[in-house]
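Beneath this line is the structure, given in C-alpha cells, with notes to follow.
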Amino acid sequence: REAAAAGKRILERVRAARPQARIDGLVASSMQTGLGEAILGYRVDAQAGPLVLVGAGGTLAELYRDFALRLAPVSVEEARDMVAEVRGFAPLRGYRNAPRGDLEALAQAVAAFSRLAARPEIAEAEINPLLVKAEGVVGVDALLVLREGARDHGAAA
C-alpha cells in the first residue's frame, strides 16, 4: 500500500510539472546491492558522432573524471579494454583481496549499450549506477533521450 501511495504521489507531481508527458507506468523493483558501481553512457556528439562511456559510477561519477570513452559501437574486446582503463574498478579486480566483480559482464554490457549507435532516434542514454555483482550486472537507474522529433516519426525507444 505504501508503494502504491508513493507511486500515486510521483505521478501527480510529474503530471503537474509536465502535463504533456506520456507516462506508461511505474516500475518498482527489489533493492539491489553490488560490489561496485559503474556509469554507462551513450550520446551522439555533433562533431565526433556516437560515443560510449564507462566509468566509476554512482556518486564517484560526480567526484572523479575516471572513465573510458570510445566511438560507438564497440566490440566486447574493445569494451574489455575500456573497463581495464578505469582505475576506480581496481577493487573489482580483487585488489588487496577484495571480492572480484564480474567485469566480463560489465564489458558485455558496454558492448551491448554501444549498439544504441544503430538507433538513430536515440540522442543519449545513461545507466547510473550499474551495479557490478560477483555474477552479472544490474542497472538501477537509467535515462533515455530521444532525438528531437523522433517520437513524431514513429520511433520507439
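The values are calculated or read from the model by the stated rules, or taken from the named source; none is laboratory data. Please read these numbers as outputs of a predicted model, since none were measured by experiment. Because the Cβ atoms are built from the backbone with ideal geometry, glycine has one as well, and the counts that use them run over all protein chains shown. Surface areas here come from the heavy atoms of the whole protein model, side chains and all, with no ligands, DNA or RNA. Shrake-Rupley method; radii C 1.70, N 1.55, O 1.52, S 1.80 Å.
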Could you sort 127, 23 by accessible area so the largest value comes first, with the probe set to 1.4 Å? 23, 127
For residue 10 paired with residue 46, estimate the spin-label separation in nm (one decimal), with each label point 7 Å from Cα along the Cα-to-Cβ line. 3.4
Between residue 62 and residue 28, what FRET efficiency comes out of the Förster formula 1/(1 + (r/R0)^6) with R0 = 25 Å and r the beta carbon distance, rounded to 0.05? 0.45
Can you give the three extents of the C-alpha atoms in segment 58-145 along their principal axes, from longest to shortest, in whole Å? 44, 27, 23
Two-decimal Rg to Rh for segment 11-126 - Kirkwood Rh, Cα set: 1.05
With the other protein chains left in place, how much accessible area per residue, in square angstrom, belongs to segment 1-96 at a 1.4 angstrom probe? 72
Bounding extents of segment 49-92 in its principal axis frame from Cα atoms, largest first in Å, are 26, 22, 12
Could you work out [θ]222 nm for the chain from helices alone, using -39500 (n - 2.57) per DSSP H run of at least four and dividing by all its residues? Round to the nearest 500 deg cm²/dmol. -8000 deg cm²/dmol
Which percent of the accessible heavy-atom area of the chain goes to carbon and sulfur, probe 1.4 angstrom? 52
